1. Please state, to two decimals, what the Cα-based radius of gyration of the stretch A:1-58 comes to when divided by 2.2 N^0.38 Å (N = residues).
2. Suppose every Lys and Arg Cβ carries +1 and every Asp and Glu Cβ carries -1, with no other charges. What dipole size does the protein assembly as shown come out with about its Cα centre, to the nearest 20 debye?
3. Once R0 is set to 60 Å, what does the formula 1/(1 + (r/R0)^6) return for the Cβ-Cβ distance between residue A:268 and residue B:252, expressed as a FRET efficiency to the nearest 0.05?
4. Before rounding to the nearest 500, sum -39500 (n - 2.57) across all DSSP H runs of length at least 4 in chain B and divide by the residue total; then give [θ] at 222 nm in deg cm²/dmol.
5. Work out the mean other chain Cβ neighbour count within 10 Å for the residues of B:209-222 and drop it here as an integer.
6. Between residue B:79 and residue B:122, what FRET efficiency comes out of the Förster formula 1/(1 + (r/R0)^6) with R0 = 35 Å and r the beta carbon distance, rounded to 0.05?
7. For residue B:53, tell me the accessible area in Å² from a 1.4 Å probe, rounded to the nearest 10.
8. Say R0 is 56 Å: what FRET efficiency, to the nearest 0.05, do residue A:368 and residue A:36 get from their beta-carbon distance?
Amino acid sequence: MFSAGFKYFIGLTLLSVVALIMSIVVLDQVALAGTALSMLIVASALLTGLLVVTRDGDTQRPQSASTSEVPGQSMWPLVASIGAVFLVVGLVTSSVVFFGGVVVLIAALAEWMVQSWSERASSDAGYNSVVRKRLLNPIEFPVLAALGLGVVIFSFSRIMLSVDRSTGASLFIVFGALVIIGGTLFAIKPDIKRSLGAAICVFGALGIVAGGIAGSSFGLREELVKARSEGHFSHPECGAERSKYFDKNATGTLSLRSSINATIEFVNGQLTARVVGFSKPQKSITVPRSTPTNIIFRNLETDEFRLVADLGEKSDTGTYGDTEKILVCTQMTVAGGEQELTLQIEKPSSSGYSYNLTVAGVEGQRIEVVVP
Amino acid sequence: MTHSAWHIRLQTFLTSVRRMFAHKPKALVGTLAGSLVVGSCARNASQDTWQPKGPNAEIIDNLQQPIFAVAGIVGLIVAAAVVYCVIKFKDRGQPIPEQTHGKPALEITLTIIPALILAVVAVFTFGVIFKLAKTDDTEMIINVTGQQWWWEYDYPVQTELGIVQPIITSGQLVMPVGTKVLLRITSRDVIHSYWIPALNGKRDAVPGRVQTLRLEADEPGIYAGQCTEFCGLSHANMRMETIALSKEDFATWVANQQSKYVAPAEETLAKQGESVFLNQCVRCHQVNGLTRADGTPAIAAPDESVWSGAAPNLTHLMSRNTFAGAMFDLVSKQCRDEVWHATSDVFGAKYLAGVKEECLNQKDLRAWLRNAPAVKPMYSNPTQLEATGGKYRGMPYLALSEDDINKLVAYLLTLK
């Protein structure tokens, strides 16, 4: 007779073929679905073939036993119904609830099916339990671990966002040290009781979750609230500073510094551009049209300055059809400091507009921005 | 046929498959190995990674050849050991041997040997990484911008190379031989990856970031490439070519790219095509120097219609050999073969001749103008554009009449 594994995978293969045919008939664009289903067909067909050859890898197949007649208790119908309720409620509330319901419903139905099948695998309840675990544990454990880690990480982020910066740094050091100490203890004492190890992990996780709940109830720390209300560090204004709450070291990240179009330096009253590949300082930079392009302004003077980018004009939507200049600029940059600026220009230089970079309050210094 | 009859037939088939695996393994392995060998003997493979045509690709090749050999030997040893164990210790009902734990000498040896191999490989690999990351010896800069599904090249002003005003082109990157060219690569929409196998490795084009890649070609010729980061529906059709010209030929190319726009003569089919272009194409495609009837410059506004905010600049379209993201040849197969297979000394002249009317690939160009999404998969159906706020990804169907297409082809032929 056919093995159980063979039946499962041949069923999956045929179902995938049917789904592929249906997707070709129903969908206009089948590129993604077609690729995914084709890969599933190939993978499941391969596994089917392997199972035929290896007979499920079962060299000592037990004699088929009579099955248990009495089904056990199951919580999955309850979970499935909760998922269905979320699904229906999500239809009229939010897509997040809807898709959450779909996930819960599918997971519960899958668990329910496997449980029902495993209960009838033999008359031995212990064997049935092992069969169920062998099938589902490789899925359940990673999913539960990911969910658990997600909750812990999210809780930790709530703690870090609620405490001030110095406390946050201290907490980070303490938590990190505790993790290293715990890991070291487990490593040098491998014979430690599993229950003790599990208890330490559970209490640690619960502590972080409790801290996260407390952090959420306290809310974000003051400067983050302030920054969010002001547009979260965007500060598009080129006038006087509105707030002290901006990140003066925004360009401190390596990822940004390593991938900029140019560094604009202001030193000795001269404005020059350093462009990767050009050995000498430049008086112009080239920016592709309609492309977000990052530059860094480096103020090497002794006073505070800001870089202003004149990016053309846009039509005023008002009654008189006037045009309005598009200006973007950095914050006031401290002596020796750096600020990042993103340019995006929609029209080429051949449209007749002269795009340029200047330093506010400084005459006669400009970098031409060429848009091919 | 009854259910049981099907059942028996299926079982018979599966049994025969199982027997084939069991009794004809040599035939199976031989067939597979033969297929691999035959597949690896492809001629005229323009994107062969094992045939470097420039110093940067040679640096990579000099690293990958010995590493491939070492990895191959290690792989063969492992495979042989696995096959030996599978055959030798196959389950024949024999009792399970005594289980032991720990062979310190063996474990240390098997840890140290791979670690040493990897350490040696790492030393040379880091050396190559640093060599390929050099930018201080750059002799020429080209900005490369990827978008769905074509590449744009712009040449900043570099007076020492004769580039006194920015040059912009697409599909084919043109550069002089024996020159250290630095590409500054970015993207307008999603992540792409730039790869000309004969000249260097890959470099991702990431929106908001400028990444560099060195290119240098030893000989004049065409070097083919392909976007190597899945970037959407027509990723497979996002090709590119690098054209290496002698320095004299490159100077000629630069001079042509900087030449002023010449409007078609009055009362010609091409002049009528210019009107069609102004009414239809200039919404997205720029032709530098083209003016409207009132004398104002015709400035394209692709940002209003195209999600990436750009469409290929067609100013000197007929100086290229490809169009539509280098998916199609702009010249007929015979004319293209003449360029591709030209010897180094005449290659430049043949390429610089551009596209003559008798060489134009009318079939593909007309099909493209007739209905672009029908010949290159693109998101053109309005119902598919919700995510982009109604903007197109790729060129839409323009409902041009055959008369308009005739005029446009005549006009495009003037864009030398």
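1. Normalised Cα radius of gyration, the stretch A:1-58: 1.28.
2. Using only the charged Cβ atoms, the result is roughly 2760 debye.
3. Once rounded, the FRET efficiency stands at 0.90.
4. Helix contribution divided over all residues of chain B: -13000 deg cm²/dmol.
5. 2
6. 0.90
7. Here the accessible area works out near 90 Å².
8. E between residue A:368 and residue A:36, to the nearest 0.05, is 0.70.
The values are calculated or read from the model by the stated rules, or taken from the named source; none is laboratory data. What you see is a predicted model; the values in this text were computed from it and never measured. All Cβ positions, even for glycine, are placed from backbone atoms using ideal geometry, and neighbour counts span all protein chains on display. The accessibility values were calculated without ligands, DNA or RNA, using every heavy atom of the protein model including side chains. Shrake-Rupley method; radii C 1.70, N 1.55, O 1.52, S 1.80 Å.
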